[in-house]
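Below is one structure; the comments refer to it alone.
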Amino acid sequence: MGTSIDQEKRRKKSGRAKPLLKQKPPVGRPRTKTAKAKAPLVTLAEEHMSGREMIELTKKHTLFEWSAQSKVDPIAISHAKGIFFWTPEGKRFIDFNSQLMSVNIGHGDERVVRAIKEQVAVLAYANPFMATEARARLGAKLAEITPGDIDTFFFTNGGAEANENAIKIARFFTGRHKIMARYRSYHGATAGAISLTGDPRRWAVEPGMPGVVRVLDPYHGIERGWDSAADSLAMIEETIQLEGSHTIAAFILEPVVGTNGILIPPDGYLEGVRKLCDKYGILMIADEVMSGFGRTGKWFAVDHWNVVPDLITMAKGLTSSYLPLGAVGMRQHIARHFDDKVFYGGLTYNSHPMGCTAALATIRVYEEDDLIERSRKSGEIMKSLGEEMQAKHKSVGAVRSIGLFGIFELIRNRSTREPMAPFNGTSEEMAALGRFFRENGLYTFVRWNTFFTNPPLTISEEHLREAFAIIDKGLEITDKAVKD
């Protein structure tokens, strides 16, 4: 069939001298020996773009997040299976960051794919004033696996919206307006969530939402290290007193901080925060968007310290990112507050049946494959491998991990512990390390003086060691910059 008039117009508008799409093999058809062994078999009737074509059109017509568009250099991805993804040309990557720390069950699990297909054939959408089987079952299931008496949920499109609605709930319930948050934190990019965020991504949108009170973390960077739990809690209590406890609705925190360093709190810290919140009538909000659903080796990170927050937010691993879905969970007494009071919140896609179905299927995979325990055991192996790298490479200043939630923090001076890149910046060495990982088929985030180790919970010991072999070689680049 010839090119349509509309297609021809688009082709001319883009300035291309040849047809936009070239004939390519179906997405899953292997192009290399490696791909033949690992790639999923998918048959699509349409033509497929090359990686170059994907990148050109994507950069021409879409915006990339957190980036100056002229500096963006994306990887073109055509298909994925398990812990791997491939470019259209057949280059295989180990997905050592689970995309955005979210594809916890690995790519392409047929049980989730099948559940989504079956749901779309029956009911693709129902508005949020209706009850559906998927919504009913997911609420009941989450009540089983979340801590304590959390048993009521408001469903959102993702983690940022979950945090937005947690703020609303806390303010409605307490009648107070201030929200405490930490500097080394990220809570999302929507207007309220980015105001809560402590890291530099909030600077460009300030002043943002009023009423945010920020406190320091127990961790003060690779050069200064950690406070004790007692010292950090004393600082938080002093802030509460100086701000006026009667004005503070909630304290939101990531139980294990994610993109700001995989910061695992000292024992006693989360328990102490819980006690302070109880003492002053402040709601404790646990942002488990990144750390939930087995990432740390427990269903939720707070479970390591047996702490029950008043509100818990989730997304990412909730559906393993097969479809968008987030949620705010709340304790019974908070949910009862809205029995005779209006909850002023709503979303067109609240409780979307497709998202709820994906979440139910994903939770079944966690349970059937014992992925929470598997994350804990694989996490022990990953921790050991990280310690080996720290002992071997002088540029490794710290390695932190809990479950399969990990980070390397690099330094250029062993005495002063100067970071390999400045705060909110990069360096030639970190950029070179990132290029090395990419060239050698390891996908992970390289940020400031750190890089992350957050593979799918399904990763085998063999593939963990394969990834760390690449890391081992890459660290030779940063070792050369170190002054003893």
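Within the stretch 155-191, count every residue that is within 18 Å of Trp66 (Cα to Cα) and more than 18 Å from the chain's Cα centre (by Cα).
1
Filtering the stretch 163-181 down to residues that are in contact with a His (Cβ under 9 Å, 6 or more places away or on another chain) and not in a helix (DSSP H, G or I), which residue is nearest to Met235 (Cα to Cα)?
Ala181
Against the conditions (1) of a type outside the set (Val, Ile, Thr); (2) surrounded by fewer than 16 Cβ atoms within 10 Å (Cβ to Cβ); (3) touching a strand residue (DSSP E or B) at 6+ places or on another chain (Cβ under 8 Å), where does Phe445 fall short? Just the number, please.
Going through (1) of a type outside the set (Val, Ile, Thr); (2) surrounded by fewer than 16 Cβ atoms within 10 Å (Cβ to Cβ); (3) touching a strand residue (DSSP E or B) at 6+ places or on another chain (Cβ under 8 Å) one by one, Phe445 breaks only (2).
Would you pick out the residues in the stretch 182-203 that are of a type outside the set (Ser, Thr, Tyr), assigned to a helix (DSSP H, G or I) and in contact with a strand residue (DSSP E or B) (Cβ under 7 Å, 6 or more places away or on another chain)? Even if it seems obvious, please write down each step before you answer.
Quick first cut of the stretch 182-203, residues of a type outside the set (Ser, Thr, Tyr) only: 182, 184, 187-189, 191-194, 196, 198-203.
After this cut, where a residue has to be assigned to a helix (DSSP H, G or I) as well, the list is 191-194, 196, 200-203.
Answer for the stretch 182-203, where residues must be of a type outside the set (Ser, Thr, Tyr), assigned to a helix (DSSP H, G or I) and in contact with a strand residue (DSSP E or B) (Cβ under 7 Å, 6 or more places away or on another chain): just Leu196.
Can you pull out the residues in the stretch 215-239 that are assigned to a helix (DSSP H, G or I) and out of contact with any helix residue (DSSP H, G or I) (no Cβ under 9 Å at 6 or more places or on another chain)? Please lay out each step first, then the result.
First, pick out the residues of the stretch 215-239 that are assigned to a helix (DSSP H, G or I): 229-239.
Matches in the stretch 215-239: Asp231, Ala234, Met235, Glu238, Thr239.
Conditions: (1) closer than 16 Å to Arg182 by Cβ; (2) not in a strand (DSSP E or B); (3) not polar (S, T, N, Q). Met284 meets all but one. Number of the miss?
It is condition (2) that Met284 fails.
Is it fair to say Pro74 is more than 18 Å from the chain's Cα centre (by Cα), at pLDDT 95 or above and surrounded by fewer than 17 Cβ atoms within 10 Å (Cβ to Cβ)? Full working, then the answer.
Working: more than 18 Å from the chain's Cα centre (by Cα): yes; at pLDDT 95 or above: yes; surrounded by fewer than 17 Cβ atoms within 10 Å (Cβ to Cβ): yes.
Taking the combined requirement at face value, the residue satisfies it.
Using the structure shown, decide if Ile55 is of a type in the set (Val, Ile, Thr), touching a residue at least 60 places away in the same chain (Cβ under 8 Å) and either outside the structural domain of Val446 (by TED's automatic domain parsing) or surrounded by 17 or more Cβ atoms within 10 Å (Cβ to Cβ) (or both).
Working: of a type in the set (Val, Ile, Thr): yes; touching a residue at least 60 places away in the same chain (Cβ under 8 Å): no; either outside the structural domain of Val446 (by TED's automatic domain parsing) or surrounded by 17 or more Cβ atoms within 10 Å (Cβ to Cβ) (or both): yes.
So Ile55 does not fit the description; no.
How many of the residues in the stretch 458-484 are over 30 Å from Arg374 (Cα atoms) and in a helix (DSSP H, G or I)?
First, the residues of the stretch 458-484 that are over 30 Å from Arg374 (Cα atoms): 476-484.
If we keep only those that are in a helix (DSSP H, G or I) too, we end up with 476-479.
Summing the residues that are over 30 Å from Arg374 (Cα atoms) and in a helix (DSSP H, G or I) in the stretch 458-484 gives 4.
Would you confirm whether any residue within the stretch 305-316 is more than 24 Å from Thr348 (Cβ to Cβ) and part of a strand (DSSP E or B)? Before you say what the answer is, go through the steps one by one.
Step one: of the stretch 305-316, the residues more than 24 Å from Thr348 (Cβ to Cβ) are 305-310.
This time we only want the ones that are part of a strand (DSSP E or B), so: none.
The answer is no, given that none of the residues of the stretch 305-316 is more than 24 Å from Thr348 (Cβ to Cβ) and part of a strand (DSSP E or B).
Out of the helices (runs of 4 or more DSSP H) lying entirely within the stretch 341-444, which hold 2 or more residues that are more than 30 Å from Phe153 (Cβ to Cβ) and free of Cβ contacts under 8 Å to residues at least 24 places away in the same chain?
Hits in the stretch 341-444: 371-392, 428-439.
Could you list all residues from the stretch 204-214 that are touching a Lys or Arg at 6+ places or on another chain (Cβ under 6 Å) and not in a loop (DSSP other than H, G, I, E, B)? Show your work before the answer.
Of the residues in the stretch 204-214, the ones touching a Lys or Arg at 6+ places or on another chain (Cβ under 6 Å) are 211, 213.
Hit for the stretch 204-214 is Val213, nothing else.
The values are calculated or read from the model by the stated rules, or taken from the named source; none is laboratory data. Note that the structure is predicted; figures quoted are calculated from it, not measured. We place every Cβ from the backbone using ideal geometry, glycine too, and count neighbours over all the protein chains shown.
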